[in-house]
Each structure stands twice: as C-alpha cells, then as structure tokens.
Amino acid sequence: MTTFPKDFLWGAATAAFQIEGSPLADGAGPSNWLRFSHQPGGILTGENADIACDHYQRWPGDLDLMRQLGLQAYRFSLSWSRIMPEGTGAVNGPGLDFYARLVDALLDAGIQPVPTLFHWDLPDALAERGGWRNRDCAEWFADYAGIVFQRLGDRVPRWTTHNEPWVVVDAGYVHGVHPPGIRDLSAAPHVTHNLLRGHGLAVQNFRAECRGEIGIVVNQEPKDAAGDDPADQAAARRADAYMNRQFLDPVLLGSYPDEMAEIFAAHWPDFPAADFAQIQQPIDFLGVNYYTRSVNRFDPSPTAQPVQASQVRRPGALYTEMEWEVRPRSLYELLMRLRKLYGDIPLFITENGAAFADPQPDEDGRIADPLRTEYFRTHLLALYDAVADGSVVRGYFAWSLLDNFEWTFGFSKRFGLIGVDFATGERHLKDSALFYRDVIATNGEILSDSRSR
Ligand code: FCB
C-alpha cells in the first residue's frame with residue numbers, strides 16, 4: 001500500500017507574475033519583470049505576461065477548478081508591487097484586498113492558502129535603487145512582509161519567504177538572463193546574502209506578529225559527477241555547493257559552504273558575523289522544489305563559470321521540454337541526503353512537475369498528457385519510498401495548477417495540470433489533473449496499483 005501519512009497535504013502551486021496578468025491594475029506599481037518582459041530580447045518568444053492566465057480576473061473560476069481537483073492546499077505568490085507600488089512606504093489597499101479576497105475564498109473552500117512573499121517579481125522602484133544588491137533591500141522586504149502579516153497573518157497558517165533565491169542570483173546576476181540582466185561575479189554574493197538576510201528579518205517579523213508556520217523555498221538539483229575522474233567529482237561538488245548548499249547551509253547551519261570562497265575567489269566577501277544570526281532564524285519547515293538532477297563534468301570554459309562544471313546529456317534518458325532529465329530516483333536520493341545534512345526539519349515538496357508539449361483538447365475537451373502523468377506517478381512513488389524510509393515530508397505541491405508564463409520561455413513551456421488556451425483564456429483539465437485528483441482522493445493509494453508497471 002502506498003498510503004501517505006494521515007494529514008499529508010496535497011496541493012498545487014503557481015506564482016503571481018506567471019498567472020495573474022493585469023500587472024498595473026487597481027493602483028499596482030510596475031515590477032522588474034514587467035519591465036524586463038517588455039524589453040526587446042528579454043523573453044525568447046517575444047511574448048509578455050500582461051494577460052497571462054488572466055487569473056487576476058478569473059480567480060473565482062480557478063478556485064472552482066481547485067475544488068474539482070480536491071486540492072487541500074494552494075501555493076501562490078504575492079506581488080510586492082501590487083501591495084506597495086514603490087516597494088516601500090505607501091500601501092496600495094486594493095492590491096492587498098485582492099489577496100485578502102483570495103485567501104478568504106480559499107479558506108471558505110477548505111483549501112489551505114500557502115503564500116510566497118517573493119517569487120522573483122520585485123517592485124521596479126526598488127530595482128532602480130539597486131534591488132537585492134542594495135543591502136537595504138533586506139529591510140525593505142521585511143517591512144513589506146510585516147504589512148502582509150498584519151493583514152493576513154491571523155488567517156494564513158503557513159507562509160514562505162522567498163522562492164528559489166538561487167535563480168534570482170544565478171539567472172539575474174551571473175548569467176544575465178533574468179532581470180536585472182547583468183553578469184557580475186562581484187555582485188552575486190551580495191545578492192545571495194541580502195536575500196538571505198531579508199528572509200531572516202521577515203521570519204523575525206513573523207514571530208513578533210503571528211502564530212503559524214514559516215519557511216523558505218529552495219530549488220534542489222542533485223549534482224552527480226559524469227565519472228570517477230577527480231576533476232569531474234570536484235566540479236560536481238562545486239556545482240552542488242553553489243546551487244544547493246549556498247542557501248541551505250546559512251539558513252540551517254549558520255555559515256556558507258567552504259566551496260563558496262573557492263568558487264568566487266576574490267569576489268567572495270567577508271560578511272559581518274552578526275549577519276549569520278539574522279539569517280539563521282529557526283524556521284518551521286523547508287520548501288523543496290525538485291525537477292531534475294544534473295550530471296557534471298569539469299569544464300574550464302567561460303560559459304561554465306562560476307563553478308567550472310557543465311552538464312552532460314545522458315543517452316537514452318528521457319528529457320522534458322526544458323531539457324531536464326526525468327529521474328525520480330534523484331528525488332529519493334535528495335530527500336535522504338537532506339536528512340543526513342540537515343536533520344529532521346519537516347519538508348514540503350513545494351514544486352515538482354514537467355513541461356511536455358500537449359495536444360489541443362479533443363472534441364470532449366480532453367487533453368491526453370501521458371508523459372506528464374507518468375512523471376507525477378513515478379515521482380510520487382519515489383516520494384512515498386522516501387517517506388517510508390524516514391524522510392519527514394508533510395506535503396506535496398504539483399507545479400503547476402495552470403499552464404502559465406514560463407519566465408523567459410514565455411508560453412512555450414506547459415507545466416499545467418490544467419491546460420490554458422492563451423488566446424481565449426479557456427481552461428481544460430488534462431489527464432494528469434484527473435490522475436492527481438485520484439491520488440489526492442485516495443491519499444496516494446491508487447499509486448499502489450501502478451507500482452509494478
Ligand atoms: C521554478 C520556478 C517556477 C517555475 C518552475 C518551472 O524554478 O520556481 O516559477 O518556473 O521552475
């Protein structure tokens with residue numbers, strides 16, 4: 001039997017910029033992503049997210065779909081610039097009201113709201129002031145968090161601060177493919193550090209204002225070496241420190257991994273010791289986003305900076321439309337390893353899912369997506385095995401509730417349980433959504449039928 005623990009929480013996830021549309025409605029200020037998505041070359045497909053899933057208008061219908069799936073929790077993010085158009089100072093009442101209505105409607109529907117405070121869209125006014133590179137950004141973020149806690153803290157049982165800070169640093173400041181679109185190894189460590197300080201300060205505010213639980217969401221991509229060659233092994237170790245431990249070690253252990261100084265060399269700063277006490281606030285759980293692993297070999301070329309590792313494609317393996325290898329076993333290995341490194345802190349899988357090309361809905365409105373369904377099935381079995389072997393996982397959120405705006409890839413990558421026709425806004429449940437609905441309804445038991453497949 002693959003029944004999950006009693007009280008295991010089944011959900012799905014989205015992010016504000018990817019689904020909402022109406023970025024400037026009702027007094028909202030522009031975000032860095034709004035600006036970036038309108039810059040030539042910012043989005044590979046030339047699209048923008050001005051309408052996206054039109055969730056800002058259609059959210060009551062989306063809530064009905066969540067009900068149809070039997071979701072027990074919904075993870076979404078708040079747009080800071082809707083709530084504080086300038087990022088600091090004045091609060092935009094209607095922006096905060098939008099999220100208050102959503103939260104209340106979720107609670108009425110018996111669906112636990114799990115908001116993320118920062119899922120990459122930063123008020124553009126703050127980007128102008130240096131964004132996360134500016135040490136003050138940590139305090140700006142904590143103030144914004146405090147305002148949200150005051151309004152919603154009495155009702156929301158579980159919060160997260162940042163989503164995947166690594167992407168903000170790596171894509172924004174190392175590879176320059178997300179805003180602010182720069183490549184500057186001397187900026188990156190400060191951005192990491194200020195994001196983490198912001199997290200810690202927000203947690204402090206939370207403890208002063210609210211009961212309930214708070215955590216941070218990190219993406220974890222196991223880094224395997226291409227072979228036994230010590231150079232490849234060392235490359236995989238650096239890649240792991242950079243992407244995985246750079247964020248978890250300070251939050252949970254109070255220091256950066258030793259490899260950081262090796263990776264950033266002269267650019268790695270001597271951070272004030274007092275900052276680490278700020279960062280290492282006790283958290284109630286850790287949110288883990290898992291999609292894939294990577295296989296690494298040593299590569300000294302400029303494109304493989306800063307870790308001098310590049311990824312090897314595995315012949316015969318299945319890859320998603322993102323070019324991410326499908327490997328459920330790595331989820332199991334990751335969960336075992338997290339326990340070894342960081343102990344029994346409760347975990348949530350806050351994102352897991354796959355982009356595959358989908359057919360148009362047929363005349364009955366059906367979207368057959370066997371590869372995505374199989375991805376969920378095999379990853380949930382791996383998760384079950386990890387829980388059976390002692391990993392403390394409290395819940396799982398599929399990425400994503402809806403097909404949406406996949407950042408620089410525009411609408412070209414579909415991750416949804418629910419298909420969206422971006423021309424008309426129409427939604428259709430995919431087969432994977434029906435499968436997931438049955439997983440939820442049986443608390444995982446239907447997975448046992450497929451165990452031997
Ligand atoms: C994660 C992001 C999420 C989405 C998925 C596919 O890195 O958190 O917004 O883009 O990848």
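For residues that are touching a Ser or Thr at 6+ places or on another chain (Cβ under 8 Å) and at positive phi, scanning just the stretch 413-453, find the one that is most open to solvent (accessible area, probe 1.4 Å).
Of everything passing the filter in the stretch 413-453, Asn443 is most open to solvent (accessible area, probe 1.4 Å).
What about Ala423, is it without any contact (Cβ under 8 Å) to a residue 60 or more places away in the chain and of a type in the set (A, V, I, L, M)?
yes
Among the residues of the stretch 395-412, what is the count of those that are more than 20 Å from Tyr436 (Cβ to Cβ) and either within 10 Å of the ligand (Cβ to nearest atom) or open to solvent by 10 Å² or more (accessible area, probe 1.4 Å) (or both)?
The qualifying residues number 6.
Scan the stretch 113-126 and report the pairs whose first residue is farther than 11 Å from Asn163 by Cβ and among the small types (Gly, Ala, Ser) and whose second residue is open to solvent by less than 10 Å² (accessible area, probe 1.4 Å) and in a loop (DSSP other than H, G, I, E, B), with Cβ atoms within less than 7 Å and a gap of 6+ or a chain change.
These pairs meet every condition: Ala125/Gly29; Ala125/Gly87.
Given the structure, is Pro179 touching a residue at least 24 places away in the same chain (Cβ under 8 Å), open to solvent by 10 Å² or more (accessible area, probe 1.4 Å) and within 25 Å of Pro85 (Cα to Cα)?
For Pro179, the condition - touching a residue at least 24 places away in the same chain (Cβ under 8 Å), open to solvent by 10 Å² or more (accessible area, probe 1.4 Å) and within 25 Å of Pro85 (Cα to Cα) - is met.
State whether one or more residues within the stretch 323-334 are part of a loop (DSSP other than H, G, I, E, B), open to solvent by 10 Å² or more (accessible area, probe 1.4 Å) and without any contact (Cβ under 8 Å) to a residue 24 or more places away in the chain.
There is at least one residue in the stretch 323-334 that is part of a loop (DSSP other than H, G, I, E, B), open to solvent by 10 Å² or more (accessible area, probe 1.4 Å) and without any contact (Cβ under 8 Å) to a residue 24 or more places away in the chain.
Scan the stretch 151-209 for residues that are within 16 Å of the ligand (Cβ to nearest atom), in a helix (DSSP H, G or I) and closer than 14 Å to Thr116 by Cβ and jot them down.
Pro165, Val167, Val168, Leu195, His199 - these are the residues of the stretch 151-209 that are within 16 Å of the ligand (Cβ to nearest atom), in a helix (DSSP H, G or I) and closer than 14 Å to Thr116 by Cβ.
Quickly run through the stretch 31-46 and pick out the residues that are within 17 Å of Pro123 (Cα to Cα) and either in a helix (DSSP H, G or I) or open to solvent by 60 Å² or more (accessible area, probe 1.4 Å) (or both).
Matches in the stretch 31-46: Asn32, Trp33, Leu34, Arg35, Phe36, Ser37, His38, Gln39.
Of the residues that make up the stretch 420-429, is at least one closer than 20 Å to Thr320 by Cβ and touching a helix residue (DSSP H, G or I) at 6+ places or on another chain (Cβ under 6 Å)?
no
Just the residues that are of a type in the set (A, V, I, L, M) and open to solvent by 60 Å² or more (accessible area, probe 1.4 Å), please, taken from the stretch 90-105.
Hits for the stretch 90-105 are Ala90, Val91.
Name the single residue that is farthest from the ligand (Cβ to nearest atom) among those in the stretch 23-42 being closer than 22 Å to Arg58 by Cβ and out of contact with any strand residue (DSSP E or B) (no Cβ under 8 Å at 6 or more places or on another chain).
Residue satisfying both the conditions and the ranking: Gly27.
Take the residues of the stretch 271-298 that are of a type in the set (Phe, Trp, Tyr) and part of a loop (DSSP other than H, G, I, E, B): which is surrounded by the fewest Cβ atoms within 10 Å (Cβ to Cβ)?
Within the stretch 271-298, the match that is surrounded by the fewest Cβ atoms within 10 Å (Cβ to Cβ) is Phe271.
Would you mind finding the one in Thr442, Thr408, Thr424 that is under 17 Å from the mean Cα position of the chain (by Cα) and over 15 Å from Gly353 (Cβ atoms)?
Thr408
Checking the structure you have, find out if any residue of the stretch 437-453 is within 16 Å of the ligand (Cβ to nearest atom), under 30 Å from Arg158 (Cβ atoms) and touching a helix residue (DSSP H, G or I) at 6+ places or on another chain (Cβ under 8 Å).
no
With the requirement that a residue be open to solvent by 10 Å² or more (accessible area, probe 1.4 Å) and within 17 Å of Gly29 (Cα to Cα), what does the stretch 107-129 give you?
Scanning the stretch 107-129 gives Trp120, Asp124, Ala125, Ala127, Glu128, Arg129.
Would you tally the residues in the stretch 2-22 being in a loop (DSSP other than H, G, I, E, B) and more than 16 Å from the ligand (Cβ to nearest atom)?
Adding up the residues that qualify gives 8.
Of the conditions (1) touching a Pro at 6+ places or on another chain (Cβ under 6 Å); (2) open to solvent by 10 Å² or more (accessible area, probe 1.4 Å), Tyr384 clears all except one; give me its number.
(1)
Residues being over 19 Å from Asn244 (Cβ atoms), within 16 Å of the ligand (Cβ to nearest atom) and outside any strand (DSSP E or B): count how many of those fall in the stretch 304-322.
Here the count works out to 2.
When you scan the stretch 53-62, how many residues do you find that are open to solvent by less than 10 Å² (accessible area, probe 1.4 Å) and either part of a loop (DSSP other than H, G, I, E, B) or without any contact (Cβ under 8 Å) to a residue 60 or more places away in the chain (or both)?
Qualifying residue count, the stretch 53-62: 1.
Would you be able to say whether some residue in the stretch 358-370 is surrounded by fewer than 17 Cβ atoms within 10 Å (Cβ to Cβ) and closer than 24 Å to Arg451 by Cα?
yes
When the residues of the stretch 371-381 are filtered to those that are away from the ligand (no atom under 16 Å from the Cβ) and open to solvent by 10 Å² or more (accessible area, probe 1.4 Å), which remaining residue is nearest to Leu63 (Cα to Cα)?
Only one residue fits best here, namely Thr373.
The values are calculated or read from the model by the stated rules, or taken from the named source; none is laboratory data. Since the model is a prediction, treat every value here as computed from it, not as a measurement. We place every Cβ from the backbone using ideal geometry, glycine too, and count neighbours over all the protein chains shown. Please note that ligands, DNA and RNA were not included when accessible areas were found on the heavy atoms of the full protein model with its side chains. Shrake-Rupley method; radii C 1.70, N 1.55, O 1.52, S 1.80 Å.
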